[in-house]
Amino acid sequence: MTPDEARDMIQAALLTVAPDAELGDVAADADLREELDLDSIDFQAYAAELSRRSGLPVTEDDQRRLTTLAAGVTFLSRAS
């Protein structure tokens, strides 16, 4: 998966839990939970949606690698 494909997938997954989010305003290294005001259940739903869309398992340990857009892109790009 290319970084652009990974970024698009992450943004689509985020919009399922934060449909009103202005993702263009979120810096690549900003903590998604803080920027989008996601609680732990929202973040788990985001990780589950990302897993569903990518076909990759996202474990609880992997969730730590998804806290920023840049980290999520790296995670998906390397895992695929």
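The values are calculated or read from the model by the stated rules, or taken from the named source; none is laboratory data. Since we're looking at a predicted model, the values are computed, not measured. With ideal geometry, Cβ positions are generated from the backbone for all residues, glycine too; neighbour counts draw on all protein chains shown. Keep in mind that these areas ignore ligands, DNA and RNA; they rest on the heavy atoms of the full protein, side chains included. Shrake-Rupley method; radii C 1.70, N 1.55, O 1.52, S 1.80 Å.
Could you say which residue among ALA30, ALA45 is over 23 Å from ASP4 (Cβ atoms) and at pLDDT 95 or above?
When all the criteria are applied, what remains is ALA45.
If you scan the stretch 59-80, which residues turn out to be outside any loop (DSSP other than H, G, I, E, B) and open to solvent by less than 30 Å² (accessible area, probe 1.4 Å)?
ASP62, LEU66, LEU69, GLY72, VAL73, PHE75, LEU76
Name the one entry in LEU38, LEU56 that is buried (at least 19 other Cβ atoms within 10 Å of the Cβ) and part of a loop (DSSP other than H, G, I, E, B).
On the way: LEU56 fails: buried (at least 19 other Cβ atoms within 10 Å of the Cβ).
It is LEU38.
What's the total number of residues in the stretch 5-35 that are assigned to a helix (DSSP H, G or I) and open to solvent by less than 20 Å² (accessible area, probe 1.4 Å)?
Of all residues in the stretch 5-35, those assigned to a helix (DSSP H, G or I) come to 5-17, 23-25, 32-35.
This time we only want the ones that are open to solvent by less than 20 Å² (accessible area, probe 1.4 Å), so: 6, 10, 13-14, 32.
Of the residues in that region, 5 qualify.
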